[in-house]
Protein chains: 2
Amino acid sequence: MSTRNYAALAVLAGLIACQPQQGGEAVDAQTNEALQMARAAFEPIPDQPPVLEDNPITAPKVELGKMLYLDPRLSRSGLISCNTCHNIGMAGVDVQVTSIGHGWQSGPRNAPTVLNAVFNIAQFWDGRAEDLEQQAMGPVQAAVEMSNTPERTVATLMSMPEYVERFEAAFADATDPVTFENMARAIEAFEATLITPNSRFDRYLKGDVTALSDAETEGLRLFLEGGCASCHNGVNLGGASYHPFGVRRRPDPGVLPPGDLGRYAVTRMEGDEYVFKAPTLRNVELTPPYFHSGVVWRLEDAVAIMGTAQLGTELNPEQIAAVVAFLGTLTGDQPQIDYPILPPRSEATPLPDVAVEARVSAVP
Amino acid sequence: MSTRNYAALAVLAGLIACQPQQGGEAVDAQTNEALQMARAAFEPIPDQPPVLEDNPITAPKVELGKMLYLDPRLSRSGLISCNTCHNIGMAGVDVQVTSIGHGWQSGPRNAPTVLNAVFNIAQFWDGRAEDLEQQAMGPVQAAVEMSNTPERTVATLMSMPEYVERFEAAFADATDPVTFENMARAIEAFEATLITPNSRFDRYLKGDVTALSDAETEGLRLFLEGGCASCHNGVNLGGASYHPFGVRRRPDPGVLPPGDLGRYAVTRMEGDEYVFKAPTLRNVELTPPYFHSGVVWRLEDAVAIMGTAQLGTELNPEQIAAVVAFLGTLTGDQPQIDYPILPPRSEATPLPDVAVEARVSAVP
């Protein structure tokens, strides 16, 4: 559909939505203005996964990746899968302050959602993984998460004939298909399918201005005019850039723990202290608690903190309610998958090892 | 299909399967004898779930039960679901020696499979739950498993409008639909659908004697004539009766820990020491490790221990291999489910509580 047609649709929808006590033309103008501003800042989630330049998405690779994603045997204990912390049935998160991993250890940061993560410029709160392939290799090895090693993981996969066959099918050109990197590539391909199109806001962006209520449109307007969209923009309303948390006023140490320097630990560059990737706001109503510290459970509170910390503004309750109403329109169609039947172990499969070697402190 | 028709099919299939170097009539007679003996001892898994007298299986109830089964918020931590220990993608078990629960505590016994569990006379290794409804209420409350309380569980369910609606739909006649008992009923209804028909052995029982190889048929014959079927019989090849473990010779204390008295803890009756429910052998090749202690990883070793402990027989390697080959024919079609999108939490939903109050010793 061309931009011209979108505009025509918007005008039509605006006429339908206009309230009788107001002049039709004034409402049209306001409606169009909000829509035009929104289109300048945001894009809808596409209906299909994006093309991964270096990792073509194929059906055998996605099916393999789905198995790996849900297979707890990628962890040393045999108990923790990708899905444990990025639960597909719970908007791609674990709804925990910070994730609990191997040996019931508490991780350092709140688990970001896997949904639409493929649209982020980089992965993890500090952007230390350039894509989902690189990301997938992290938690498998992290002592506080899955506590495995690449060697043991590959030995586990190699021990199961069905996995070997599936890697051969998914990486047909590879001389050595069962590798830790190909495991991560398959997981990336699967994760790239975990997108949530068709939110009410996306229908709005596509021209159906009736998809948002007046209160939600007011929230959108506040979101745009208040400056939220400076960081939370693009297809993911976030995930596209790095910003200091506390640019106007530093939040409480509970919300911004002093020991977690964020992107500074990656770049070691002055000025990157307490810098984090702006998280996506897609499906945000489903992914409490909020911030990398995960201590804020109410979306209203998170919005208020953003107001003071990032915008230098004390938002009033009506403004907060309007922004929260708008954020609720960012919930899209959740991914539908079949639960995979996992390959059976063989005698060569390493036994689950639930023992904890050493507890690790909570700050990275 | 009548018994007569089954027999006619069996004769036909026997003729097709007979080997050229043997006399056709002799093979027919042997084939028929094994099949007749098998039919006297076993039944195939039906294609449809059984009728639950006190808990009609309806689509809304099964869908609700599936959500509950996969919802980690039934646990105090928000991390452990029924599926954690009874993984639908892993033949209904966790492939752990004993299950790991709240606070990474180790449970006392190996997790029995949920697959076909509806056909067992009772649940748990010691039969202390009369059905899956009663069973489902146990792990939710067990301190070493999900560590929740009925009150907190109901408060969690009541806090989510989608759950309330689904309970109302599933229990339309109830004045108080959201209860701990109805939670268990919904889980039972879902679990009753987790059956694995169409194993090669079931096709054999239905008259296709070519479904088993000669070695597998020899294993079946040994299984029947050696006495295995005295305990492992019926539709589940087990799950139907209680027996002392070590009736002929007591196994090593590692395999039969002296502190776990089995059914005696339920009945307090003399003679019930070390008595356990004979486990189902359906899908047994997929459910290591074996026995209530879960210390035996190889099916060959489990069969050998059964020979000495229960039959007073030192099975030779060929006999063990034949029985194991037969057991491999008990793997049926694994259940196919869609991963449910779980109801979103509300502000009233109790927060996840990962703290461990007190560690519990491993023996019940």
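The values are calculated or read from the model by the stated rules, or taken from the named source; none is laboratory data. For clarity, every value in this text was computed on a predicted model and none was experimentally measured. Heads up, the Cβs are rebuilt from the backbone with ideal geometry, glycines too, and the neighbour counts pull from every protein chain shown.
Which number in (1) modelled with pLDDT of 50 or more; (2) out of contact with any strand residue (DSSP E or B) (no Cβ under 8 Å at 6 or more places or on another chain) marks the one condition that residue B:42 misses?
Condition not satisfied by residue B:42: (2).
Scan the stretch B:29-68 for residues that are touching a Cys at 6+ places or on another chain (Cβ under 9 Å) and either of a type outside the set (A, V, I, L, M, F, W, C) or not in a helix (DSSP H, G or I) (or both) and jot them down. Before you say what the answer is, go through the steps one by one.
Residues of the stretch B:29-68 touching a Cys at 6+ places or on another chain (Cβ under 9 Å): B:31, B:68.
B:31 - this is the single residue of the stretch B:29-68 that is touching a Cys at 6+ places or on another chain (Cβ under 9 Å) and either of a type outside the set (A, V, I, L, M, F, W, C) or not in a helix (DSSP H, G or I) (or both).
Read through the list (1) over 30 Å from residue A:313 (Cα atoms); (2) buried (at least 24 other Cβ atoms within 10 Å of the Cβ), then give the number of the only condition that residue A:209 fails.
(1)
What pairs can you find where one residue is in the stretch A:56-68 and away from chain B (no Cβ under 13 Å), the other is of a type in the set (Phe, Trp, Tyr) and part of a helix (DSSP H, G or I), and their Cβ atoms are less than 6 Å apart, with a gap of 6+ or different chains?
Close Cβ pairs (under 6 Å, with a partner that is of a type in the set (Phe, Trp, Tyr) and part of a helix (DSSP H, G or I)) amount to A:62/A:190; A:65/A:190.
Does residue B:123 count as surrounded by 22 or more Cβ atoms within 10 Å (Cβ to Cβ) and within 18 Å of residue B:184 (Cβ to Cβ)?
Against the criterion (surrounded by 22 or more Cβ atoms within 10 Å (Cβ to Cβ) and within 18 Å of residue B:184 (Cβ to Cβ)), residue B:123 qualifies.
Considering only the stretch B:318-350, state which residues are part of a loop (DSSP other than H, G, I, E, B) and at the interface with another protein chain (Cβ under 7 Å from one of its Cβ atoms).
Across the stretch B:318-350, the qualifying residues are B:334, B:336, B:337, B:339, B:340, B:341, B:342, B:344, B:345, B:347.
Of all residues in the stretch B:293-317, which are part of a helix (DSSP H, G or I), within 14 Å of chain A (Cβ to nearest Cβ) and within 15 Å of residue B:279 (Cα to Cα)?
B:299, B:302 - these are the residues of the stretch B:293-317 that are part of a helix (DSSP H, G or I), within 14 Å of chain A (Cβ to nearest Cβ) and within 15 Å of residue B:279 (Cα to Cα).
Here is a yes/no grid of residues against (1) under 15 Å from the mean Cα position of the chain (by Cα); (2) within 14 Å of chain B (Cβ to nearest Cβ):
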{"residue": "A:88", "(1), (2)": "yes, yes"}
{"residue": "A:92", "(1), (2)": "yes, yes"}
{"residue": "A:101", "(1), (2)": "no, yes"}
{"residue": "A:119", "(1), (2)": "yes, no"}
{"residue": "A:135", "(1), (2)": "yes, no"}
{"residue": "A:138", "(1), (2)": "no, no"}
{"residue": "A:142", "(1), (2)": "no, no"}
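Go through the residues of the stretch A:318-338 one by one and say whether even a single one is buried (at least 21 other Cβ atoms within 10 Å of the Cβ), more than 26 Å from residue A:200 (Cα to Cα) and in contact (Cβ under 8 Å) with a residue 40 or more places away in the chain.
Looking through the stretch A:318-338, none of the residues is buried (at least 21 other Cβ atoms within 10 Å of the Cβ), more than 26 Å from residue A:200 (Cα to Cα) and in contact (Cβ under 8 Å) with a residue 40 or more places away in the chain.
Select, from B:240, B:215, the only residue that is surrounded by fewer than 19 Cβ atoms within 10 Å (Cβ to Cβ), of a type outside the set (S, T, N, Q) and in contact with a strand residue (DSSP E or B) (Cβ under 9 Å, 6 or more places away or on another chain). Walk me through how you get there before you give the answer.
Values: B:215 fails: in contact with a strand residue (DSSP E or B) (Cβ under 9 Å, 6 or more places away or on another chain).
Sole residue among the options that is surrounded by fewer than 19 Cβ atoms within 10 Å (Cβ to Cβ), of a type outside the set (S, T, N, Q) and in contact with a strand residue (DSSP E or B) (Cβ under 9 Å, 6 or more places away or on another chain): B:240.
Hey, residue A:87 hits all of (1) out of contact with any Cys (no Cβ under 8 Å at 6 or more places or on another chain); (2) more than 18 Å from residue B:72 (Cα to Cα) but one; which does it fall short on?
Condition (2) is where residue A:87 drops out.
Scan the stretch B:104-115 and give yes if some residue there is among the aromatic types (Phe, Trp, Tyr) and more than 12 Å from every other protein chain (Cβ to nearest Cβ), otherwise no.
No, the stretch B:104-115 contains no residue that is among the aromatic types (Phe, Trp, Tyr) and more than 12 Å from every other protein chain (Cβ to nearest Cβ).
If you go through the stretch A:166-184 one residue at a time, how many are without any contact (Cβ under 8 Å) to a residue 60 or more places away in the chain, assigned to a helix (DSSP H, G or I) and within 11 Å of residue A:64 (Cβ to Cβ)?
The qualifying residues number 2.
Within the stretch A:70-86, how many residues are within 8 Å of another protein chain (Cβ to nearest Cβ), more than 18 Å from residue A:346 (Cα to Cα) and either of a type in the set (Asp, Glu) or without any contact (Cβ under 8 Å) to a residue 24 or more places away in the chain (or both)?
Residues in the stretch A:70-86 being within 8 Å of another protein chain (Cβ to nearest Cβ), more than 18 Å from residue A:346 (Cα to Cα) and either of a type in the set (Asp, Glu) or without any contact (Cβ under 8 Å) to a residue 24 or more places away in the chain (or both): 1 in total.
What tally of residues in the stretch A:155-181 results from selecting those that are closer than 20 Å to residue A:83 by Cα and surrounded by fewer than 17 Cβ atoms within 10 Å (Cβ to Cβ)?
1
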